[in-house]
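**Q** The structure follows.
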Amino acid sequence: MRSLDESRVEINKIDKQLIKLLQDRLKVVVDVGIYKKNNGMEIYQSDRENEVIETIINSLDTGIEFYAYRFMATLMDISRDFQHKQIGYSSHDIPKSLNKFKCGLIGNVLSHSLSPRIHNDFFNMFNIDGSYSLFQVPESKSRGIVQSLKTLGIDAANVTIPYKEVVMPQLDEISEDAIRIGSVNTIKLVNGKSYGYNTDYFGIGAMFEKGEVDIKGNDFYVLGSGGSAKSVIRYLKDKEAKNITVVTRNIQAATTFLGDIVNDIIDYNQMKNILNSYCVINTTPVGMYPNVDNTPIDSTIIKKFEVAVDLVYRPVNTQFLIEAKNQGLRTVSGLYMLVAQAVKSEEIWLNIPCTKKIIEKLFDMLSKYLEITKESLFLVGFMGAGKTTVGEKLALSLNIPFKDCDEFICNKYGMTIADIFEQYGEEYFRQIEAEALIELNSLGPAIIATGGGCVTNNTSKNFLMSKNCVYLKYGIDTLYARIKGDANRPLVDNKENLDKRLKTRDVLYQEVAKGVIECENLSVLNIVDLIINRLEQDNAYKNY
Ligand SMILES: Nc1ncnc2c1ncn2[C@@H]1O[C@H](COP(=O)(O)OP(=O)(O)O)[C@@H](O)[C@H]1O
Ligand SMILES: O=C(O)C1=C[C@@H](OP(=O)(O)O)[C@@H](O)[C@H](O)C1
Ligand SMILES: [Mg+2]
């Protein structure tokens with residue numbers, strides 16, 4: 001038999017040949033694509049593909065038919081994708097050889113989860129036809145979680161607070177690691193059977209490494225004793241932390257399942273007796289959105305540590321981490337862990353190796369997204385500039401809510417803008433518009449389309465100057481063409497008067513806006529892209 005080294009040399013040789021063949025194949029594939037394009041033929045011809053696959057498989061008698069089938073199906077997928085990208089030829093629909101991959105997150109409060117974003121970015125990155133949903137389950141129904149996934153034909157799931165332990169007895173099989181850790185955050189369903197894994201452990205390791213937390217020989221305080229705490233504790237133990245103390249509200253319960261692993265279990269009150277120590281890790285949900293002002297321990301205790309880690313990632317800078325930073329501690333956010341555990345789950349589900357490069361890329365994308373959606377963005381500009389139209393698309397693209405100030409006012413007062421103008425006059429409208437802008441801003445980050453005249457009111461103007469504001473700029477010709485004869489806009493007048501109005505307002509728009517987009521001849525999507533690029537540049541985002 002070959003030695004391991006010899007086998008590896010052989011494998012490397014074969015892989016090299018395979019990749020060379022793939023390269024040759026893709027070249028031919030492009031020629032085929034160009035031919036089809038020039039002759040108006042569909043790129044995807046299922047008969048031909050099936051014939052190719054069948055011929056190959058029928059010539060095999062080695063028991064690898066199934067794998068050969070999968071290999072060929074994937075190869076066809078890759079070829080179509082490459083063809084499509086190289087020659088920009090889009091057949092009406094490019095069917096996938098695999099069914100849509102359906103997965104999601106199970107928990108009881110999920111509205112602010114970032115997991116759908118990470119996994120959807122992952123699917124886009126690998127051109128996978130997948131969907132990641134939120135499955136919110138009340139505690140009273142938690143006993144039927146795994147059965148429901150089977151019933152619905154879901155392929156895979158992540159599990160979060162408070163069900164990481166609850167799902168364990170419901171699973172058909174659990175990996176050794178997950179049993180050892182005592183919690184499951186990843187489920188895979190194959191042929192009606194359910195398998196449980198733990199990728200939190202991996203994520204925690206990746207986060208500690210990224211945050212340069214030294215574990216061996218150091219002392220740790222872990223706040224909380226739930227499913228996430230267990231993964232943290234197991235990791236600390238494996239990496240030879242010197243002392244691990246769990247801080248919990250329920251000492252008795254924690255002692256039964258953690259008593260053997262950790263050095264001590266104390267309650268929050270006892271923390272005041274701690275002398276200086278190395279690291280404190282929050283594994284509780286305290287401080288998570290919307291209760292962003294809460295912190296699991298106060299600064300008099302935080303200052304006894306050198307490093308603070310928070311598994312809460314929404315907001316990224318939790319009150320706990322803010323106070324820690326103020327006390328001079330080094331801080332580590334749980335965001336990296338979130339991404340790392342997600343990529344590790346994908347490895348289990350789809351066999352795509354979880355590399356540092358993929359984690360870093362997705363982490364960068366997520367960090368950018370969080371940075372630019374931290375506060376509301378206001379769109380200003382003249383009537384017809386596309387504030388509403390662009391705003392809707394921009395919000396969709398950033399996955400944050402869209403609010404239109406005119407629409408908000410109509411709903412609030414149960415009247416059209418034109419009626420408000422007619423019955424109460426412009427002055428009154430400007431006042432309620434200023435109040436509406438302030439109210440909209442207080443409802444959390446969103447893209448907010450303002451009304452074209454709001455800048456003429458001092459309250460609105462001063463308010464907008466303190467916010468993130470973008471001006472959609474056009475000349476009067478385009479604007480007039482868009483709005484003339486629109487009865488819903490009370491101030492639409494003849495072109496000369498409108499041009500005068502635009503000239504006075506143009507100065508005010510420039511004054512309030514942090515950025516001006518020259519929109520003439522640009523499509524809505526072009527404008528959306530320009531705004532996103534600008535937001536990204538402005539935020540040349542921070543190091544978490
Ligand atoms: N970039 C664009 N290219 C072409 N048409 C646009 C563009 N932006 C907006 N429009 C069109 O102009 C009209 C006015 O847009 P709207 O969003 O109502 O402007 P606003 O809210 O600023 O008054 C709409 O019919 C919209 O479809
Ligand atoms: O320019 C203006 O003075 C106005 C613009 C309108 O919004 P749009 O800019 O969306 O048309 C609306 O607020 C109102 O008719 C007044
Ligand atoms: Mg509008």
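**Q** Go through Val292, Val470 and list them by solvent-accessible area, largest first, probe radius 1.4 Å.
**A** Val292, Val470
**Q** Let me know the shape class of segment 299-387, please: from the alpha-carbon gyration tensor, a ≥ b ≥ c as square roots of the eigenvalues, rounded when a/c is under 1.5, otherwise prolate if a/b is greater than b/c, or oblate.
**A** Here segment 299-387 falls in the oblate category.
**Q** Turning to a different aspect of this structure: Need one value: the accessible area of Lys514 in square angstrom, 1.4 angstrom probe, rounded to the nearest 10.
**A** 130
**Q** Please list Met415, Met383, Met125 from largest to smallest accessible area, probe radius 1.4 Å, with all protein chains kept in place. Numbers along the way, then the final one.
**A** Details: Met415 40, Met383 20, Met125 70 Å².
Correct descending sequence by accessible area is Met125, Met415, Met383.
**Q** Also, quick follow-up: Using alpha-carbon pairs under 8 Å, 6+ residues apart, how would you state the relative contact order of segment 4-87 in percent?
**A** For segment 4-87, the relative contact order is 41 percent.
**Q** I would also like to ask the following. Applying the Karplus parametrisation 6.51 cos²θ - 1.76 cosθ + 1.60 with θ = phi - 60° to the phi angles of segment 199-209, what ³J(HN,Hα) value in whole Hz is obtained for each residue in order, glycine and proline being reported as x?
**A** Ordered by residue, 3J(HN,Hα) equals 10, 4, 3, 4, x, 5, x, 4, 5, 4, 5 Hz.
**Q** Within segment 262-347, list the trypsin sites (Lys or Arg not before Pro) lying in a DSSP loop whose Cβ has at most 10 other Cβ atoms in a 10 Å radius. Walk me through the numbers on the way to the answer.
**A** Details: sites: Lys272, Lys303, Lys304, Lys325, Arg330, Lys344; in loops: Lys303, Lys304.
Hits after loop and neighbour filter: nothing returned.
**Q** Could you work out how far the C-alpha centroid of segment 455-525 sits from that of segment 231-255, in angstrom?
**A** If you average the Cα positions of each part, the centres end up 59 Å apart.
**Q** What is the mean projected area of the alpha carbon convex hull for segment 211-333, to one decimal in square nanometres?
**A** Over every viewing direction, the Cα hull of segment 211-333 projects on average to 6.8 nm².
**Q** Now for a different question. How large is ³J(HN,Hα), in whole Hz, for each residue of segment 447-459 in order, when computed from phi with the Karplus curve 6.51 cos²θ - 1.76 cosθ + 1.60 and θ = phi - 60°, using x for Gly and Pro?
**A** 8, 10, 8, 8, x, x, x, 4, 5, 7, 9, 5, 4
**Q** Let me know the charge dipole size of segment 373-538 about its Cα centre in debye, to the nearest 20, where only the beta-carbon of Lys, Arg (+1) and Asp, Glu (-1) is charged. Can you show the working numbers first?
**A** Numbers: 19 positive and 24 negative charges, 47 e Å.
Computed charge dipole of segment 373-538: roughly 220 debye.
**Q** Also, I was wondering about something else. When only DSSP loop residues count, what GluC sites (Glu not before Pro) in segment 327-434 have their Cβ near at most 16 other Cβ atoms within 10 Å? Walk me through the intermediate numbers first.
**A** On the way: sites: Glu346, Glu347, Glu360, Glu371, Glu375, Glu392, Glu407, Glu422, Glu426, Glu427, Glu433; in loops: Glu375.
For GluC sites (Glu not before Pro) across segment 327-434 that sit outside H, G, I, E and B with at most 16 neighbouring Cβ atoms in 10 Å, the list reads Glu375.
**Q** With r as the distance between the Cβ atoms of Asn291 and Glu176 and R0 = 51 Å, compute the FRET efficiency 1/(1 + (r/R0)^6) and round to 0.05.
**A** Working: r = 37 Å, r/R0 = 0.72.
With R0 = 51 Å, the Cβ-Cβ based efficiency is 0.90.
**Q** Among the lysines, which have Cα under 16 Å from the Cα of Lys361 when same-chain residues fewer than 8 positions away are ignored?
**A** Lys210, Lys344, Lys542
**Q** Run the 1.4 Å probe and let me know the accessible area of Tyr313, rounded to the nearest 10 Å².
**A** 50
**Q** So, one more: If contacts are Cα pairs under 8 angstrom and at least 6 residues apart, what is the relative contact order of segment 282-394 in percent?
**A** Value for segment 282-394: 18 percent.
**Q** Can you give the convex hull volume of the alpha carbon atoms of segment 4-87 per residue, in Å³?
**A** Convex hull of Cα atoms, per residue: 107 Å³.
**Q** What dipole magnitude, in Debye to the nearest 20, does the chain give about its Cα centre under +1 on Lys/Arg Cβ and -1 on Asp/Glu Cβ?
**A** 560
**Q** Can you tell me which lysines have their Cα less than 23 Å from the Cα of Lys216? Leave out same-chain residues fewer than eight positions away.
**A** Leaving aside lysines fewer than 8 places away in the same chain, those within reach of Lys216 are Lys230, Lys237, Lys239, Lys242, Lys303, Lys304, Lys356.
**Q** Using only Cα atoms, locate the centre of segment 191-223 and the centre of segment 376-445, then give the distance between them in Å, rounded to an integer.
**A** For segment 191-223 versus segment 376-445, the Cα centre distance is 45 Å.
**Q** Here is a follow-up. Under a 5 Å amide H to amide H cut-off, with H placed in plane at 1.01 Å, what residues pair with Thr186 once short-range neighbours are removed?
**A** Under 5 Å from the amide H of Thr186 lie the amide H atoms of Val159, Tyr197, Thr199, each far enough along the sequence or on another chain.
**Q** Do you know the relative contact order of segment 300-343, to the nearest whole percent, from alpha carbon pairs under 8 angstrom that are 6+ apart?
**A** On the way: 55 pairs, mean separation 19.2, N = 44.
44 percent.
**Q** What is the extension gain from Gln147 to Lys37, computed as 0.36 nm multiplied by their sequence separation minus the C-alpha to C-alpha distance, in nm to one decimal?
**A** 34.8 nm
**Q** List every residue whose amide H lies under 5 Å from the amide H of Val492, counting only residues 5 or more places away in sequence or on a different chain, with H placed 1.01 Å from N in the peptide plane.
**A** Counting only residues 5 or more places away or on other chains, the set is empty.
**Q** Send over the semi-axes of segment 373-538's equivalent ellipsoid, whole angstrom and largest first, taken as the square roots of 5 times the C-alpha gyration tensor eigenvalues.
**A** Taking √(5λ) for each eigenvalue gives 23, 20, 14 Å, largest first.
**Q** A further question follows. Which value, in debye to the nearest 20, gives the size of the charge dipole of segment 286-376 about its Cα centre, when Lys and Arg are +1 and Asp and Glu are -1 at the Cβ?
**A** Computed charge dipole of segment 286-376: roughly 220 debye.
**Q** Another question, if that's okay. What residue among Ile297, Ala481, Ile128 has its Cα farthest toward the positive end of the dipole of the chain, where the charges are +1 on Lys, Arg and -1 on Asp, Glu, each on the Cβ?
**A** The listed residue farthest towards the positive side: Ile297.
**Q** Which far-off residues, 5 or more places away or on another chain, put their amide H under 5 Å from the one on Leu134, with H placed in the peptide plane?
**A** Correct list: Leu105.
**Q** Could I ask something else about it? Please name which of Pro401, Ala178, Asn326 has its Cα lying farthest along the dipole of the chain towards the positive end, using unit charges on Cβ (Lys, Arg +1; Asp, Glu -1) and the Cα centre as origin.
**A** Asn326
**Q** If you don't mind, another one. From the backbone phi of segment 142-158, what are the Karplus-calculated ³J(HN,Hα) couplings (6.51 cos²θ - 1.76 cosθ + 1.60, θ = phi - 60°) in whole Hz, Gly and Pro given as x?
**A** With coefficients 6.51, -1.76 and 1.60, one gets 5, 6, x, 4, 5, 4, 5, 4, 5, 4, 7, x, 6, 8, 6, 8, 9 Hz.
**Q** OK, next. In the chain, what percent of the accessible surface is made up of carbon and sulfur (1.4 Å probe, ligands and nucleic acids excluded)? All intermediate terms of the calculation are to be shown ahead of the outcome.
**A** Values: 14140 of 28240 Å².
Accessible surface attributable to carbon and sulfur in the chain totals 50 percent.
**Q** Tell me what the chain gives for mean residue ellipticity at 222 nm when only DSSP H runs of n ≥ 4 count, each as -39,500 (n - 2.57), the sum divided by the residue total, rounded to 500 deg cm²/dmol.
**A** That comes out to -15500 deg cm²/dmol.
**Q** On a straight-distance basis, which lysines could pair with Lys85 in a cross-link, Cα separation under 16 angstrom, same-chain partners fewer than 8 positions away excluded?
**A** List returned: Lys27, Lys36, Lys37, Lys96.
**Q** Turning to a different aspect of this structure: In the chain, if the dipole is taken from +1 on Lys/Arg beta carbons and -1 on Asp/Glu beta carbons about the Cα centre, which of Leu60, Asn39, Pro490 is farthest to the positive end?
**A** Leu60
**Q** Further question: Once every Cα of segment 118-253 carries one equal point scatterer and solvent is ignored, give the base-10 log of I(q)/I(0) from the Debye formula at q = 0.10 Å⁻¹, two decimals.
**A** The Debye formula, applied to the Cα set alone, gives -0.40.
**Q** Something else now. How large is Rg/Rh for the chain, to two decimals, with Cα atoms and a Kirkwood Rh?
**A** My calculation of the ratio gives 1.04.
**Q** Related question: Would you mind pulling out the separation of the Cα centroids of segment 259-286 and segment 106-146, in Å?
**A** Using only Cα atoms, the two centres lie 31 Å from each other.
The values are calculated or read from the model by the stated rules, or taken from the named source; none is laboratory data. What you see is a predicted model; the values in this text were computed from it and never measured. Please note: Cβ atoms are built from the backbone with ideal geometry, for glycine as well, and neighbour counts cover all protein chains shown. Side chains included, ligands, DNA and RNA excluded: accessible areas come from the protein's heavy atoms. Shrake-Rupley method; radii C 1.70, N 1.55, O 1.52, S 1.80 Å.
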